[in-house]
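J.: My questions will all concern the structure given below.
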Amino acid sequence: MPRILVHICCAPCATYVVERLREEMSPVELFGYWYNPNIHPYMEYRRRLDALKDYSQKAGLRMIWRDEYDLDRFLRAVVFREDRRCMICYHMRLLATAQVARRGKFDYFTTTLLYSKTQNHELVKEVAQAVAHEKGVKFLYRDFREGWKRGIELSLQEGLYRQNYCGCIYSERDRFSRRRTGWKSGES
């Protein structure tokens, strides 16, 4: 039975990924992993974390929690590199996931970032493959975007908190100021 560690950015993105992996890989030992130092502001971080705690209990999904509001680390990593912020953010989260997967002797790791139509899918895949090679753990690639509508249905059925921006301060700015200021977003 394969053991898979799934980096989870938020509960709504997890719904389809968990459903698909359980169907496709059955029997499977599936664990979720929470580490998202990019989420801003703090109350948004808490809402997403709490939503995932509720979902994981309902779904019977075992979780590994790295509940660190490490916004300072994220901001130090991206300051003066804002045009590469998504790559840096993906790297921080996926490297941490690969490290946990290796220590926990998981067969594979993957990420719910591959579910979102708003993420840079190819960049997520490239970064995940690089950290997998670096850490000596296998990356399970799937294009989960095909389940976009199903994931929305599942998250609405579960009454999960659904956020309206990626999570970082830059994506929040781009999402909410674009209409007023004409700001052109980066990679978010």
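The values are calculated or read from the model by the stated rules, or taken from the named source; none is laboratory data. If you're wondering where the values come from, they're calculated on a predicted model, not measured in any experiment. Note that we place each Cβ from the backbone using ideal geometry, even for glycine, and neighbour counts take in every protein chain shown.
J.: Which ones in the stretch 122-152 are in contact (Cβ under 8 Å) with a residue 40 or more places away in the chain and in a helix (DSSP H, G or I)?
T.: LEU123, VAL127, VAL131, LYS135, PHE144, GLY147, TRP148, ARG150, GLY151, ILE152
J.: Further question on the same structure: Could you pull out the residue among SER116, SER171, SER155 that is in a loop (DSSP other than H, G, I, E, B), touching a Phe, Trp or Tyr at 6+ places or on another chain (Cβ under 9 Å), farther than 19 Å from ARG66 by Cβ and of a type in the set (Gly, Ala, Ser)?
T.: SER116
J.: Here's something else I'd like to know. What number goes with the only condition from (1) buried (at least 19 other Cβ atoms within 10 Å of the Cβ); (2) part of a loop (DSSP other than H, G, I, E, B); (3) not hydrophobic (A, V, I, L, M, F, W, C) that ASN164 does not pass?
T.: (1)
J.: If you don't mind, another one. Before we move on, is PRO27 under 16 Å from the mean Cα position of the chain (by Cα), part of a loop (DSSP other than H, G, I, E, B) and free of Cβ contacts under 8 Å to residues at least 60 places away in the same chain? Working first, answer last.
T.: On the way: under 16 Å from the mean Cα position of the chain (by Cα): no; part of a loop (DSSP other than H, G, I, E, B): yes; free of Cβ contacts under 8 Å to residues at least 60 places away in the same chain: yes.
No; evaluated as a whole, the condition is false for this residue.
J.: Scan ASP54, ASP67 and give me the residue that is among the charged types (D, E, K, R), part of a loop (DSSP other than H, G, I, E, B) and either under 21 Å from ILE152 (Cα atoms) or in contact (Cβ under 8 Å) with a residue 24 or more places away in the chain (or both).
T.: Answer to the check: ASP67.
J.: What number of residues in the stretch 83-109 are of a type in the set (S, T, N, Q) and either in a loop (DSSP other than H, G, I, E, B) or surrounded by fewer than 24 Cβ atoms within 10 Å (Cβ to Cβ) (or both)?
T.: Kept after step one, since they are of a type in the set (S, T, N, Q), are these residues of the stretch 83-109: 97, 99.
Checking which are either in a loop (DSSP other than H, G, I, E, B) or surrounded by fewer than 24 Cβ atoms within 10 Å (Cβ to Cβ) (or both) leaves us with 99.
Adding up the residues that qualify gives 1.
J.: Here's another thing I want to ask about it. Anything in the stretch 89-119 that is more than 22 Å from HIS40 (Cβ to Cβ) and small (Gly, Ala, Ser)? List them, or say none.
T.: Matches in the stretch 89-119: ALA98, ALA101, GLY104.
J.: Taking the stretch 60-108 as the region of interest, how many residues are at pLDDT 95 or above and either of a type in the set (Ser, Thr, Tyr) or in contact with a His (Cβ under 7 Å, 6 or more places away or on another chain) (or both)?
T.: The total comes to 5.
J.: Right, here's the next one. With respect to ALA128, determine if the residue is surrounded by 17 or more Cβ atoms within 10 Å (Cβ to Cβ), among the small types (Gly, Ala, Ser), over 14 Å from the mean Cα position of the chain (by Cα) and under 16 Å from LEU5 (Cβ atoms).
T.: Answer is no for this residue.
J.: Does the stretch 70-82 hold any residues that are part of a helix (DSSP H, G or I) and within 16 Å of ASN36 (Cα to Cα), and which are they?
T.: At the first step, the residues of the stretch 70-82 found to be part of a helix (DSSP H, G or I) are 71-78, 82.
Across the stretch 70-82, the qualifying residues are LEU71, ASP72, ARG73, PHE74, LEU75, ARG76, ALA77, VAL78.
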